[in-house]
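Participant: Below is the structure I would like to discuss, written out as structure tokens.
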Amino acid sequence: MKYEEMKPHEINRVLDNCPLAYLVWGSHEWHGVHNAVGLDTLKAYHMTLDLCRETGGVVLPPVYCGYQTMKPWARCRHTFEFSKELVIQFVYEHLENLYEEGFKAMVVIMGHYGSRHVEAVKAGVARFTEKHRYPKVLAMTDYEPASWVDVKGGDHAGKNETSLLMYYRPELVDLSRLPDGELDQDREGCTPNAKEATVEHGAMLARLFVEQAAPRVRELLAEALRGWPKEVSSG
Ligand SMILES: [Zn+2]
């Protein structure tokens, strides 16, 4: 399932049975004093591994390449800011490589999701889909599937993101580092409801993600296989 850990014959077996690849897109970014800086990427990666267990396919190593992070926006430290053009091109070239390798459906899961970053990732997808009608590609934030059943996820190091990291990697969260009293978004650099984070809430969001996303991803792959042009057998 983890692409970088697979041998060629194992990848070939996936390509024969379920030619689906997941690409997880995150960042290194300040997520409050209570969370590890890789939160965006780590939670999206674990969520995607859970999803891949349901659907089959492979998960690429997560990419830490965020645009419009907390650095230019709020001068937060411990944060890497990359350019929009790099994000677009890096997404595009990943998709070209996956196509070349024989994958027929690709799903990009964004753990970092400032609106301009999401636009950049989607522009990278568009650069690919303008050239290729197949494979089929879907790009979405890790909180979008829950929104299909009206559960609002997505925040910045607040209750939702912190709960997800607590669920998957409890050793990387320490709520006791937060100051006493009310939190302030600008001062702490996190959504002020961070102290409400629980493992149970994270488990609920993680479960909803898989439940909602799995049918959509299966349909994407089925659509690619149904419509795959006869003359295009590989890249
Ligand atoms: Zn985040």
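Participant: Rounded if a/c is under 1.5, else prolate if a/b beats b/c, else oblate: with a ≥ b ≥ c from the C-alpha gyration tensor eigenvalues square-rooted, which is the range 63-153?
Facilitator: It is oblate, given that a/c is not under 1.5 and a/b is not larger than b/c.
Participant: How far is helix 115-129 tilted off the main Cα axis of the chain, in degrees rounded to 10, range 0 to 90?
Facilitator: 10 degrees
Participant: Related question: Between residue 182 and residue 49, what is the label-to-label distance in nm when each label sits 7 Å out along the Cα-to-Cβ direction?
Facilitator: 3.9 nm
Participant: Pop the C-beta distance of residue 9 and residue 132 into the FRET formula with R0 = 35 Å and round what comes out to the nearest 0.05.
Facilitator: On the way: r = 27 Å, r/R0 = 0.77.
Using R0 = 35 Å, I get an efficiency of 0.85.
Participant: Taking the Cα atoms only, what angle lies between the long axis of helix 199-227 and the longest principal axis of the chain, rounded to 10 degrees?
Facilitator: The angle comes out at about 20 degrees.
Participant: Identify, among 52, 38, 17, the residue whose Cα sits farthest towards the positive end of the charge dipole of the range 1-76, taking +1 on the Cβ of Lys and Arg and -1 on the Cβ of Asp and Glu, with the dipole about the Cα centre.
Facilitator: 38
Participant: Continuing with this model, one more query. Work from the charge dipole of the range 62-186 (Cβ charges, +1 for Lys and Arg, -1 for Asp and Glu, about the Cα centre) and give the residue of 178, 162, 97 farthest towards its positive end.
Facilitator: Among 178, 162, 97, the one farthest towards the positive end of the dipole of the range 62-186 is 97.
Participant: Using only alpha carbons, build the gyration tensor for the range 153-216 and give me the equivalent ellipsoid semi-axes, biggest first, whole Å.
Facilitator: Details: eigenvalues 117, 32, 13 Å².
With the √(5λ) rule applied to the range 153-216, the semi-axes are 24, 13, 8 Å.
Participant: To test your reading of the geometry: what angle, between 0 and 90 degrees and rounded to tens, separates the Cα axis of helix 84-101 from the longest principal axis of the chain?
Facilitator: Around 40 degrees separate the two axes.
Participant: Could you list which residues have their amide H under 5 Å from that of residue 106, counting only those 5 or more apart in sequence or on another chain, with H placed in the peptide plane?
Facilitator: 21, 136, 137, 138
Participant: Let me ask another. Hey, which lysines would be in cross-link range of residue 195, C-alpha to C-alpha under 21 Å, not counting anything within fewer than 8 residues on its own chain?
Facilitator: Straight-distance partners of residue 195: 43, 152, 159.
Participant: Okay, next question. What distance in nm separates the simple spin-label points at residue 207 and residue 84, each placed 7 Å from Cα in the Cβ direction?
Facilitator: 4.1 nm
Participant: Among the listed pairs 2/131; 7/104; 7/84, which have their C-alpha atoms separated by more than 23 angstrom in this model? Each step should come with its number before you reach the end.
Facilitator: Numbers: 2/131 28 Å; 7/104 20 Å; 7/84 34 Å.
Pairs exceeding the cut-off: 2/131; 7/84.
Participant: Using the Cα centre of the chain as the reference point, and only Cβ charges (+1 on K/R, -1 on D/E), how large is the resulting charge dipole? Debye, rounded to the nearest 20. Show your work: numbers first, answer last.
Facilitator: Numbers: 27 positive and 34 negative charges, 101 e Å.
Roughly 480 debye, rounded to the nearest 20.
Participant: Tell me, rounded to the nearest percent, the portion of alpha carbon pairs in the chain spaced more than 23 Å apart.
Facilitator: On the way: 13245 of 27495 pairs.
For the chain, the fraction of Cα-Cα distances above 23 Å is 48 percent.
Just so you know, all these numbers are worked out from the coordinates, no wet-lab data involved. Computed from a predicted structure; not experimentally measured. Cβ: placed from backbone, ideal geometry, glycine included. Neighbour counts: every protein chain shown.
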